[in-house]
Amino acid sequence: MAEMYEHKEPDDSEEETFGGQRLAERHPRPLHSLRSLSECLTWGPLLLLLLLFVSLGFFTLQLTTLVQVSRIQCLQRDSGDRENNSLDKWLDTRFRSLTEVAEKQMQSNLEKILQRLTRMNATLAGLCHPCPQNWEFFDGSCYFFSWTQSDWRSAVSACLLIGAHLVIIESTEEEKFLNFWYPRNNKPTWIGLSDHHSEGSWRWVDDSPVQLSFWKKGEPNNHGDEDCVELHNDGWNDGRCVTENPWICEKPSVPCPVL
């Protein structure tokens, strides 16, 4: 057995043999190991650096993509807002335009209706006679100017016989109308005012007190038992009730139908 297997002490080659055949080296050569270590130390950092650059590139790509997506979304929102604002403005303008057209049309129709009503009222006024014949119309009342003369009490009775009363003056316009109406012919004329019931207490024939007066300067003066009132061109005068003067009767007018 000793012949078939011989063991040599380790030498520089450190080889083992079996039956005259070389088996393998027990230890690698130091030079080869140092070369492998040097290669690892050289390529390792390079691979790490390459991996770092790849990672940074990928991260940069992702970040750029996110920024672009965000910008696109913002642009889309802005575009949508502009479109909505444009639509709102268009709708508002359209609504205003339609409203103006409708208002103008309505105004035109109302004017036409009013014109027709005015013509119809004028026609009816021509057919309608608010006052009897020989009476004068003013502000909703009819007035009769007598051509004859009588004392104040007889004038009161004459007006009652025709469904009226001796005139009661209630406004400046009515005073002017009566004062300058041509049938008076500038003569003193009886009106429905007196104080014969109580001296100094002037009341109308309907027993209402005087609210508005048009006395002449210095009147009333009750000179010679003057208890009844005459209408003169320059105002009222208290006169003797037995004096004979023309008179004015008043009654409400008959309203004409209005459409």
Legend entry - 26 Å Cα-Cα threshold exceeded, pairs from Lys89/Lys112; Lys187/Lys217; Lys176/Lys217: Lys89/Lys112
Inset, instruction - Arrange the peptides 202-211, 142-151 so that the one whose residues have, on average, the most other Cβ atoms within 10 Å appears first. - result: 142-151, 202-211
Inset, instruction - Apply the Karplus parameterisation 6.51 cos²θ - 1.76 cosθ + 1.60, with θ equal to phi minus 60°, to every residue of the stretch 100-114 and state each ³J(HN,Hα) to the nearest whole Hz, in sequence, with x for glycine and proline. - result: 5, 4, 5, 5, 5, 5, 5, 4, 4, 5, 5, 5, 5, 5, 5
Inset, instruction - Provide the packing ranking of 155-167, 227-239, i.e. peptides ordered by the mean count of other C-beta atoms within 10 Å per residue, highest first. - result: 227-239, 155-167
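FYI, it's all coordinate maths here, none of it is from the lab. Given the structure is predicted, the values throughout are model-derived calculations rather than measurements. Positions of Cβ are generated from backbone atoms using ideal geometry, with glycine treated the same way; all protein chains shown enter the neighbour counts.
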